Every structure is written in structure tokens, then in C-alpha cells.
Amino acid sequence: MGLFRRRKRPADPVLAPPRAVPPPSERDRTESDRLSAEFVAEVERETLRLMAEMERDAARLLAELDAEHGTTTPEPDAEPETNPERPTGGPLTGPSWMHADEWADRRTAYRRQGRTDADIREVAAHLERRGPRKPRTRAEGIARSEELGIVTRAVYVPAEDEARYLTREADGLPTLRLVDSGDRLSIWSPLAGGALLNPKGTGLRRFGLLATYARGSAYYAAAFRAADLRKGRPVELRREPDNPHDKNAVTLHAPGARAPFGYVQRGRAPALARRMDSGESMAGVSLRGPGPRRDDDMAFLLIGSTADLAAMLDG
């Protein structure tokens with residue numbers, strides 16, 4: 001029975017009473033306030049730096065969109081002229097020379113930028129004093145493109161002159177070439193001293209080439225992010241005739257990839273589907289887009305016969 005002898009329970013330890021924490025001294029409070037102020041100032045400086053960087057990026061992207069679509073977007077970096085009599089009240093009406101719908105679009109854009117009603121009224125007053133911009137001449141548009149370092153619509157051959165540049169060699173291959181224009185590939189003709197053609201032009205579609213954005217990439221985000229869509233990268237096309245939403249659907253794939261990263265634009269798909277269904281070998285190449293593991297969701301592609309694109313890239 002000695003093995004089961006009850007052991008004595010050890011006595012509970014005696015806990016010392018908690019020590020009182022002395023209140024912070026005046027010196028400690030001053031030092032704490034100084035460090036807090038420095039931290040807040042550093043956060044404000046970093047915030048201003050990041051905001052300025054974001055505004056520069058936004059201005060560049062808006063300029064590219066303007067160049068792509070030929071529109072005029074409110075400039076986020078443009079500060080209105082200093083007016084000693086800053087308007088402080090009244091409705092947010094735009095300048096007298098601007099259409100109400102355009103001003104409504106601008107006002108929405110300004111609010112997204114975080115501008116206050118007083119800021120928007122000051123912009124309206126500045127635009128009223130400045131008056132409407134005069135349309136740029138083609139020469140002025142080309143000079144602006146060179147200044148921005150990007151391709152804008154102004155540098156393209158006018159639509160009425162496109163036909164003279166759309167020719168083929170004796171072997172049936174196009175005289176057009178794809179050339180590096182900085183942020184994208186451009187369609188260039190060596191005829192008449194050389195000229196750039198608008199990839200969205202109707203002349204190119206009649207010539208057998210079509211440009212398209214990659215649509216539906218949000219539904220295939222992983223495949224889109226994995227694809228290398230930088231300028232000049234090849235793109236595979238595959239028909240999807242059983243698509244319940246569009247029998248003319250054509251999917252876009254990175255070379256050898258099973259999952260698509262998007263679709264050909266719906267308006268472009270029927271003509272392309274007919275050519276593919278007839279057995280014609282078709283291919284695509286990226287004119288402008290992101291590299292792999294980039295979060296950009298825009299890719300602009302040129303599609304044509306495999307032979308045509310190979311000739312255009314061989315220049």
C-alpha cells in the first residue's frame with residue numbers, strides 16, 4: 001500500500017503585490033509628442049510623394065487612352081489658374097462654351113480624383129477664361145506625339161489615303177511591316193516615304209487584318225496574368241463554336257496554354273470565325289500588353305493569316 005501513499009499538496013506560492021507604474025515624466029511626454037509628430041510628418045510626406053507619383057502615372061495612361069481613342073480626357077495634373085476671388089458657392093455649372101454632357105463627365109472624373117466642390121468651381125472658372133481649345137493640325141498632333149513619346153492618332157495616315165499604302169508583293173505577301181514604336185508595335189508601310197497606319201482603320205480590315213482587344217480577361221485572370229503579352233509576342237487562336245453565348249467565339253491563348261486568357265471582340269469574331277472555319281491558318285500577335293505576372297488587364301492584338309503576320313514581323 002505504500003505505493004499509493006497520498007502526497008502532500010505543495011503550498012500555493014505567495015505572489016508579490018503589483019508594483020505601481022510611475023506616471024510618465026514631462027520629459028517622456030515631450031519626447032513621445034516629438035516622435036509622434038515626426039511620424040505623422042513622415043507619413044504625410046510619403047503620402048504626398050505617392051499621390052504625385054500616382055497622378056503622373058494617371059496622366060500618362062490618360063494620354064495613351066486619348067491617343068488610342070482620339071478623345072480629350074480631363075488632365076488630373078492641370079491646376080487651375082490662381083484666382084484671388086475663389087468661387088465658394090452656387091451650382092457646379094461648367095463653362096458656357098462646353099456641352100452639358102461633357103461637363104458632367106468631367107465633373108464625375110474630378111470627383112473621382114478627390115476634388116472638392118470649391119475646386120471644381122475654380123476649374124470651371126479657369127476653363128471659362130481659357131475658352132475652348134482649337135483643334136490641332138496634323139503637324140501639331142505629330143509634334144505632340146513626339147513630345148509625349150507615344151503614338152497618337154495624329155501620326156496615322158488619314159483614312160481616305162489608306163488604300164494607297166495597302167499593297168502586296170508579287171508573291172501575295174503584304175508590303176506592310178510591324179515596327180517598334182516604343183510602347184507598342186505599329187503598322188508601317190514603306191511606300192511614299194513611309195507612313196504609319198491606324199490598326200483600327202477600316203482599310204486594314206478590308207486588307208485582311210483586324211485588331212482586337214482581349215475581352216473577358218477578368219474571367220480568366222490567372223491565365224491572363226501568366227501570359228506574356230508584351231509587344232511582338234505570339235498569340236494562338238482557337239474556335240469555340242459551342243459557346244452558348246456566341247457561336248462565332250474565338251478564344252485567345254498563350255502559345256501551348258490550355259486555358260484562354262480572353263476572347264476576340266464580339267464585333268470582330270464573325271469574319272474571323274468564317275476564315276478559321278474555312279480552314280485558313282490564322283494567327284495573332286500582341287501590339288501592346290503586359291508581361292507575365294503583371295496586374296494590367298489590357299492587351300491589344302493584331303490578327304491575320306499566319307503567312308501575312310510572319311511577313312510583317314520579318315521586316
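Quick note: the coordinates plus some simple rules give every number you see, no bench work behind them. Remember, predicted model here, so these are calculated numbers, not experimental data. In this analysis, Cβ positions are derived from the backbone assuming ideal geometry, glycine residues included, and neighbour counts consider all displayed protein chains.
What's the local net charge at Ala271, with K and R +1, D and E -1, over the other residues with C-beta under 12 Å away?
The answer is +4.
What FRET efficiency do you get for Val43 and Lys200 if R0 is 45 Å and r is their Cβ-Cβ distance, rounded to the nearest 0.05?
Working: r = 45 Å, r/R0 = 1.00.
In this case the efficiency is close to 0.50.
Output the relative contact order of the range 199-313, whole-number percent, from Cα pairs under 8 angstrom with separation of 6+ residues.
33
Return His253, His99 ranked ascending by Cβ neighbour count within 10 Å, so the fewest neighbours appear first.
His99, His253
Asp171 to Glu102: FRET efficiency via 1/(1 + (r/R0)^6), r the Cβ-Cβ distance, R0 51 Å, to the nearest 0.05?
0.55
With a cut-off of at most 12 other beta carbons within 10 Å, and DSSP calling the residue loop, which trypsin sites (Lys or Arg not before Pro) in the range 246-315 qualify? Please list them.
Here the trypsin sites (Lys or Arg not before Pro) that fit, given the DSSP loop and packing criteria, are Arg258, Arg293.
For each of Tyr165, Tyr213, count neighbouring Cβ atoms within 10 Å of the residue's Cβ, then give the residues from fewest to most. Don't skip to the answer; put the middle values down first.
Numbers: Tyr165 22, Tyr213 17.
If I rank by nearby Cβ atoms, fewest first, I get Tyr213, Tyr165.
Tell me, Leu237, Leu313 in order of fewest to most beta-carbon neighbours within 10 Å?
Fewest-to-most Cβ neighbours within 10 Å comes out as Leu313, Leu237.
Using the Kirkwood radius over Cα pairs, work out the Stokes-Einstein diffusion coefficient for the range 199-313 at 10 °C and 1.306 mPa s, in µm²/s as a whole number.
Details: Rh = 14.0 Å.
Estimated diffusion coefficient is 114 µm²/s.
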